[in-house]
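Before any comments, here is the structure.
The numbers here are math on the coordinates, done by the rules we state, and not lab data. Bear in mind that the values here come from a model prediction, so they are computed numbers and not experimental data. Methodologically, a virtual Cβ is constructed for each residue, glycine included, from the backbone with ideal geometry; neighbour enumeration extends over all protein chains shown.
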Amino acid sequence: MIVSVEKLLIDATREIPWARYDLGQAVAHLSIPAQSDGLHTHQMGGFDGAALAAAFNLTEDQAVVTVTALGVLGNADDLTAELREREVAPRSRTPLTELLLVND
Ligand SMILES: Cc1cc2nc3c(=O)[nH]c(=O)nc-3n(C[C@H](O)[C@H](O)[C@H](O)COP(=O)(O)O)c2cc1C
């Protein structure tokens with residue numbers, strides 16, 4: 001498991017505006033070569049931030065953004081029925097036309 005932590009402040013008064021953007025890019029650029037090397041990543045936003053902050057002694061200007069499981073993809077047959085159904089369900093992606101804002 002990889003816990004991704006953003007650093008919020010440059011110093012006492014200045015925020016780092018691109019911290020979350022940079023962190024997202026870092027995780028994306030971890031995921032692509034991992035896939036190329038036969039590994040799988042699964043990013044998660046459902047976690048106990050307070051427990052992770054305590055476990056890693058995070059300071060006030062550090063915040064957990066995501067947790068990523070990294071490893072070899074297992075066998076869907078080993079999952080519970082409910083999780084197997086989710087795992088083998090056809091993937092759908094939001095079409096680009098719904099994601100792009102065009103001002104022409
Ligand atoms: C920021 C972020 C948070 C996510 N949080 C969760 C999560 O808490 N639990 C979960 O099962 N999937 C979560 N997902 C979705 C999975 O990581 C994955 O993208 C999704 O299951 C689609 O998988 P697929 O690429 O195999 O279709 C999250 C994805 C992102 C980008």
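I need the peptides 10-19, 47-56 ranked by packing, meaning the mean over residues of other C-beta atoms within 10 angstrom, with the highest value on top.
The most tightly packed comes first, giving 47-56, 10-19.
For the chain, calculate the relative contact order in percent as a whole number, restricting contacts to Cα pairs under 8 Å that are 6 or more residues apart. Write down the numbers at each step before the final one.
Details: 96 pairs, mean separation 34.0, N = 104.
Once normalised by length, the contact order is 33 percent.
Using amide H atoms built 1.01 Å from N in the peptide plane, name the residues 5+ places from residue 62, or on other chains, whose amide H lies under 5 Å from its own.
8
Using R₀ = 30 Å, calculate the FRET efficiency as 1/(1 + (r/R₀)^6) where r is the Cβ-Cβ separation of residue 51 and residue 83; round to 0.05. Could you put the intermediate results ahead of the total?
Details: r = 23 Å, r/R0 = 0.76.
Here the calculated transfer efficiency is 0.85.
Once you charge only the Cβ atoms, +1 for Lys and Arg and -1 for Asp and Glu, what is the size of the charge dipole of the chain about its Cα centre, to the nearest 20 debye? Don't skip to the answer; put the middle values down first.
Details: 7 positive and 15 negative charges, 26 e Å.
It works out to roughly 120 debye.
Nearest 0.05, what FRET efficiency do residue 103 and residue 25 give at R0 = 22 Å with Cβ-Cβ as r?
Numbers: r = 25 Å, r/R0 = 1.14.
Once rounded, the FRET efficiency stands at 0.30.
Please give the per residue volume of the convex hull enclosing the alpha carbon atoms of the chain, rounded to a whole number of Å³.
Working: hull volume 17.8 nm³, N = 104.
Given the Cα convex hull of the chain, per-residue volume reads 171 Å³.
Report ³J(HN,Hα) in whole Hz for each residue of the stretch 29-36, in order, from the Karplus equation J = 6.51 cos²θ - 1.76 cosθ + 1.60 where θ = phi - 60°; Gly and Pro get x.
Each residue's phi maps through the Karplus curve to give 7, 7, 5, 5, x, 4, 4, 4 Hz.
Each residue of the stretch 63-80 in order: what ³J(HN,Hα) in whole Hz does its phi give by Karplus 6.51 cos²θ - 1.76 cosθ + 1.60, θ = phi - 60°, with x for Gly and Pro?
Values, residue by residue: 9, 6, 9, 8, 10, 10, 7, 10, x, 8, 5, x, 9, 4, 5, 7, 7, 5 Hz.
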